[in-house]
Every structure is written in structure tokens, then in C-alpha cells.
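Chemist: The following block contains the structure, expressed as C-alpha cells.
The values are calculated or read from the model by the stated rules, or taken from the named source; none is laboratory data. If you're wondering where the values come from, they're calculated on a predicted model, not measured in any experiment. Cβ placement follows ideal geometry from the backbone for every residue including glycine, while neighbour counts extend to all protein chains displayed.
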Amino acid sequence: MIPLVSDTETQPTPDMREAIARAVVGDEQKGEDPTVNRLLEKTAGLLGQEAALWLPGGTMCNMIAIKVHTRPGDVVFADVMSHIFRAESGGAAITSSVMLESVDSERGIFTVDQLDVARARAQACPEPYAAPLGLVCVEQTHNFGGGCVWTEDELKAVAEAAREHGMPVHMDGARLLNAAVASDVPASRFGALMDSVWLDFTKGLGAPIGAVLAGSRSFVDQARRYKQAFGGAMRQAGIAAAGCLHALDHHVTRLADDHRLARTLAQALGAMSGVVVSNPEPETNMVFFRVDPALISHGELIETLAERGVALGDAGAEIRAVTHLDITAEMLAEAIEKIQDVLTAAQARVA
């Protein structure tokens, strides 16, 4: 199978498996795992923050950050298609009792004006009727925006506007290093603009487990309590952290390869009859596209390709293809050929 559903599908490389096997470990819950501690120190610096906290995955990073930054009843602002809004099972409401207010934007990257519209909507009634302003969340890169990248200036403007109204800013940085590589801006410059930020190691970086949440020392001290409460503490987590360290040392600059393959795929899809590519010039490693339903339904296309050894992601109104560590140029060429074959057969069927 050629796995183009998500960059979470990557398998640990042989060298990463060796690093995991050789990891020196201790009790992570007590702060005694040397490999985890080394990863935290390295990641805090990478993200431009004072301190960091090891967690099993990114959704818990978002949940803990929201919990630290808000009080029950606060309003949390996020793009309408953000992961926090659409893909975390209502976790913010469950764990923090907050209200989510959508910020409408074209690609998931909103402006100060768009944030102001959402804020005005949330404060349409005067006190004490309106809920208190709590937190602004951004996503870098933005998944459902096509893996698009916030510029440093865009982030700075939104962060300054949020703080003018007393709101901290949190970054879902699951694919932050994709953004850094694509824009040639160090991740620390993006991260330093935030009050909290996290990095996922299980996506483009190719590790099997782990995310790191970073912020000020005070923020991390508070976050540690919620990590315990949410069941995020681990024991000999160094076996996982070793994979993350290996990824930072070996899998960052190669993200550019994934971006090049995504552009190749977008160009090939755009040349196919009946296909519309939503992001014809992908900034990172994601391609979103639609197929003329008179030709073939998305479900039938995905199912037929799966039978032929190509796995694509169902993104509702669109189909998603994600390039990553386990996709070679040869595999992508084969996938493109099979997509064209299925579409050609569909065209013959409806002719």
C-alpha cells in the first residue's frame, strides 16, 4: 500500500529503532528519565520557550494548554476548521468548560480584522451577559487549510491584537517544523511569539510516540498538574523520547523533500480531467482536491484506489493526500499513474 492518508502513518526507520533500543531511561513521572529531559531541553530551545513538558500526543497538549490559560466559561477563539474545533471530540468543552468561538478565514490563517469580527460577535451583549475573553489559538501549519503556513508577521499581528484584549495566544504546532522548513524561518521565532506552543513528533518527523508542550516556567509548572490529572504521566518514556531526539537530528531538513513531492502531486492532479486541486501550489506536504461527481464519487475513487494499493484520505468535501518520510518519488509516480487510470476508466464509463 502507498500510504498517502496522513503523515502519521510513518514507520520508525531502522536507525530510529536502534536509538530507541539504546535509550537510557528512568521514571518520567518523577522527572528522572534522562532521555526525556534531554528532549525537553532541546525542544524548549527549538521553540523559543523557557521550559517544556513531555506528553503522549498533541491533543493532550491542546487540552492542557487551554486548561492552564482559561477559566470555566471563557471564550476560546480558533479558526473554524482548526484541529481544536473539528478533531478533538469536544475536548476543550469537556476538560475546561470553555466556549469555542469560530474565526472565519479562507485558509485557516486569520487576520486581525477577522479576529475582531469574532470577538465582537462573542461580546455582542454587554457585561455581565457576554462570556469573558479567554484565549486565541492558531495552528501552524494549518491542516484543513491545505498545510498552509502563517508568516511571522501574520502571527505577530494576531498575537499583539489578542494581548491588547487580555488574551494569551496558544499555537497548535503539530507541523511547526514543516512551516519552518518551508518558510526558512527558525521555529524559535514562531514559537517565541506565543504564550504556549507544542510540537508533534509523530507526523512529518516520523517518530511513533510523543509531543512536547512548551511555554514559560510558570506555564509548565501549571501544565504538569493537568498532565497528571489527564493521565499523561509515563514511566520509562525515554524509549519514545529517543525516537523524537533521533527525528530532530535526522528528519527535519528532509521535510523539504516531502514538500517537493506534494508540489509534484498537485501539478499532476491539476492536469487530470475532472479534478480540481484546492491548493495547486502546496506550501508544505498536503494536497487537497475534488473530483467531478458526475465522473466518480469521492468514496468510489478512494475505495477503488485502495483496492489498487493507493490509500488517500477522506476529508469530507475533499480528498487529502499527504507526503511524508515513507513516500518516495517512485511510489508517488506509481500513485499518480493509478489515479489517472481510475479516472480514465470512469470517463470511459460515462462517455
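Chemist: Which residue is surrounded by the fewest Cβ atoms within 10 Å (Cβ to Cβ), if the candidates are limited to the range 110-150 and must be of a type in the set (F, W, Y) and closer than 29 Å to P280 by Cα?
Modeler: Ranking the candidates gives F144 first.
Chemist: Evaluate the following for D172: is it over 18 Å from C61 (Cβ atoms) and either charged (D, E, K, R) or at pLDDT 95 or above (or both)?
Modeler: no
Chemist: A follow-up question, please. Considering only residues of the range 316-351 that are within 15 Å of E300 (Cβ to Cβ) and β-branched (V, I, T), which is modelled with the lowest pLDDT?
Modeler: V350
Chemist: Something else: Can you find a residue in the range 80-102 that is without any contact (Cβ under 8 Å) to a residue 40 or more places away in the chain, charged (D, E, K, R), outside the structural domain of D314 (by TED's automatic domain parsing) and over 18 Å from A174 (Cα atoms)?
Modeler: yes
Chemist: Looking at the range 258-291, which of its residues are without any contact (Cβ under 8 Å) to a residue 60 or more places away in the chain and either farther than 22 Å from R107 by Cα or buried (at least 20 other Cβ atoms within 10 Å of the Cβ) (or both)?
Modeler: Within the range 258-291, A266, A271, V277, F289, V291 meet the criteria.
Chemist: Kindly provide the set of residues from the range 39-52 that are touching a residue at least 60 places away in the same chain (Cβ under 8 Å) and surrounded by fewer than 16 Cβ atoms within 10 Å (Cβ to Cβ), ordered by number.
Modeler: Across the range 39-52, the qualifying residues are G45, E50.
Chemist: Then there is this: Tell me, please, whether a residue that is within 21 Å of the chain's Cα centre (by Cα) and among the aromatic types (F, W, Y) can be found in the range 146-154.
Modeler: Within the range 146-154, one or more residues are within 21 Å of the chain's Cα centre (by Cα) and among the aromatic types (F, W, Y).
Chemist: Within the range 322-346, which residues are farther than 14 Å from L269 by Cα and not β-branched (V, I, T)?
Modeler: H324, L325, D326, A329, E330, M331, A345, A346
Chemist: Do any strands (runs of 3 or more DSSP E) lying entirely in the range 269-351 carry at least 1 residues that are over 25 Å from A87 (Cβ atoms), and which ones are they?
Modeler: 275-277
Chemist: Looking only at residues in the range 58-73 that are of a type outside the set (V, I, T) and crowded, with 17+ Cβ neighbours inside 10 Å, which one is farthest from G243 (Cα to Cα)?
Modeler: For the range 58-73, the residue satisfying everything is H69.
Chemist: Now for a different question. Pick out the one residue from G274, G270, G309 that is touching an Asp or Glu at 6+ places or on another chain (Cβ under 6 Å) and over 24 Å from Q140 (Cα atoms).
Modeler: Only one candidate qualifies: G274.
Chemist: Need the failing condition index for L199 against (1) closer than 23 Å to L325 by Cβ; (2) in contact with a strand residue (DSSP E or B) (Cβ under 9 Å, 6 or more places away or on another chain); (3) part of a loop (DSSP other than H, G, I, E, B); (4) not aromatic (F, W, Y), just the number.
Modeler: Failing condition for L199: (3).
Chemist: Working carefully through the options D27, D104, find the one that is surrounded by fewer than 16 Cβ atoms within 10 Å (Cβ to Cβ), acidic (D, E) and farther than 30 Å from L133 by Cα.
Modeler: Answer to the check: D27.
Chemist: Another question, if that's okay. Listed residues R163, R175; which is in the same structural domain as I84 (by TED's automatic domain parsing), surrounded by fewer than 17 Cβ atoms within 10 Å (Cβ to Cβ) and not acidic (D, E)?
Modeler: On inspection, the qualifying residue turns out to be R163.
Chemist: Among the residues of the range 14-33, is any under 30 Å from E307 (Cα atoms) and either outside the structural domain of G147 (by TED's automatic domain parsing) or of a type outside the set (K, R) (or both)?
Modeler: Yes; the residues of the range 14-33 include at least one that is under 30 Å from E307 (Cα atoms) and either outside the structural domain of G147 (by TED's automatic domain parsing) or of a type outside the set (K, R) (or both).
Chemist: Quick check: is even one residue across the range 53-75 in a helix (DSSP H, G or I), over 16 Å from K227 (Cα atoms) and in contact with a strand residue (DSSP E or B) (Cβ under 9 Å, 6 or more places away or on another chain)?
Modeler: no
Chemist: When you go through A223, A256, A247 one by one, which is the residue that is touching a Gly at 6+ places or on another chain (Cβ under 9 Å), part of a helix (DSSP H, G or I) and under 26 Å from V5 (Cβ atoms)?
Modeler: The conditions single out A247.
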